[in-house]
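Novice: This is the structure, below, for whatever I ask next.
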Amino acid sequence: KAGVTQTPRYLIKTRGQQVTLSCSPISGHRSVSWYQQTPGQGLQFLFEYFSETQRNKGNFPGRFSGRQFSNSRSEMNVSTLELGDSALYLCASSVQGSRGEKLFFGSGTQLSVL
Amino acid sequence: KQEVTQIPAALSVPEGENLVLNCSFTDSAIYNLQWFRQDPGKGLTSLLLIQSSQREQTSGRLNASLDKSSGRSTLYIAASQPGDSATYLCAGGKGATNKLIFGTGTLLAVQP
């Protein structure tokens, strides 16, 4: 069974641009979560989607948004990029997104904002 | 305020040693604990998941325990190997979904 796939692996953007990251969950998984990892703040929860609906959102500005498609694939978008958005963005999937369920992570997208 | 903390932040040991990584959490709403391993520039690999009704889990040379009353979890690695070198993260489950609150991580180096 293929794991969680994130594309692209690396991205370089400049301030003010926008970016879209993609995540394909494990087959049969309907919940997709996104996390941001930086050296200063560590891993922080962005949002979680289940059946094309956002169920949970972390404490990030509205420039960070996401969506989920009917095949459970998910995208996250960051508009008006800032230098501080440089980070490793990780996607995780699980079957139902239920309390206590195990998460499976992708390899991440490394975003650099210049 | 850091809800989940890990001690030590970094650890270097010679190959073959047994070691313990610590994770503590202040939020009583955290109901389970998951340990992950992260290699440089890579994603997270799940090692062990301890549910709120359990006290420990074992997988090979790894053993993790959870004490909710004291807000602590430990990851025990037996007979460490250079291939165990990585950052180890603990994460507490919170809320109605599987949202995780991550700790600060322990960078482990096992010297051959």
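The values are calculated or read from the model by the stated rules, or taken from the named source; none is laboratory data. In this text, all values refer to a predicted model and were calculated from it rather than measured experimentally. Cβ: placed from backbone, ideal geometry, glycine included. Neighbour counts: every protein chain shown. With ligands, DNA and RNA removed, areas are computed over all heavy atoms of the protein, side chains included. Shrake-Rupley method; radii C 1.70, N 1.55, O 1.52, S 1.80 Å.
Novice: Among the candidates B:LEU49, B:LEU11, which residue alone is in contact (Cβ under 8 Å) with a residue 60 or more places away in the chain and of a type in the set (A, V, I, L, M, F, W, C)?
Specialist: Criteria check complete, one pass: B:LEU11.
Novice: Looking only at the stretch A:19-55, which residues are free of Cβ contacts under 8 Å to residues at least 24 places away in the same chain and open to solvent by 40 Å² or more (accessible area, probe 1.4 Å)?
Specialist: If the condition is that a residue be free of Cβ contacts under 8 Å to residues at least 24 places away in the same chain and open to solvent by 40 Å² or more (accessible area, probe 1.4 Å), then A:PRO39, A:GLY40, A:GLN41, A:GLN44, A:SER51, A:GLU52, A:THR53, A:GLN54 are the ones that fit.
Novice: For the stretch A:88-114, which positions are within 12 Å of chain B (Cβ to nearest Cβ), of a type in the set (Gly, Ala, Ser) and either in contact with a Cys (Cβ under 8 Å, 6 or more places away or on another chain) or not in a loop (DSSP other than H, G, I, E, B) (or both)?
Specialist: A:ALA92, A:SER93, A:SER94, A:SER98, A:GLY106, A:GLY108
Novice: Are any residues in the stretch A:35-53 within 18 Å of A:VAL95 (Cβ to Cβ) and away from every other protein chain (no Cβ under 11 Å), and if so, which ones?
Specialist: Listed by number, the residues that qualify are A:SER51, A:GLU52, A:THR53.
Novice: Something else: Take the residues in the stretch B:48-89 that are of a type in the set (Val, Ile, Thr) and more than 10 Å from the chain's Cα centre (by Cα), then tell me which one is modelled with the lowest pLDDT.
Specialist: B:ILE50
Listed here are the residues, each with its yes/no results for (1) of a type in the set (Val, Ile, Thr); (2) within 14 Å of chain A (Cβ to nearest Cβ); (3) exposed (fewer than 13 other Cβ atoms within 10 Å of the Cβ).
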site: B:ASN18; (1), (2), (3): no, no, yes
site: B:LEU48; (1), (2), (3): no, yes, no
site: B:LEU62; (1), (2), (3): no, no, no
site: B:THR87; (1), (2), (3): yes, yes, no
site: B:CYS90; (1), (2), (3): no, yes, no
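Novice: A further question on this structure: Return a yes/no flag: does the stretch A:78-87 have any residue that is assigned to a strand (DSSP E or B), open to solvent by 50 Å² or more (accessible area, probe 1.4 Å) and either at pLDDT 95 or above or touching a His at 6+ places or on another chain (Cβ under 8 Å) (or both).
Specialist: No, the stretch A:78-87 contains no residue that is assigned to a strand (DSSP E or B), open to solvent by 50 Å² or more (accessible area, probe 1.4 Å) and either at pLDDT 95 or above or touching a His at 6+ places or on another chain (Cβ under 8 Å) (or both).
Novice: Among the residues of the stretch B:67-85, write down those that are hydrophobic (A, V, I, L, M, F, W, C) and open to solvent by 10 Å² or more (accessible area, probe 1.4 Å).
Specialist: Selection gives B:ALA78, B:ALA79.
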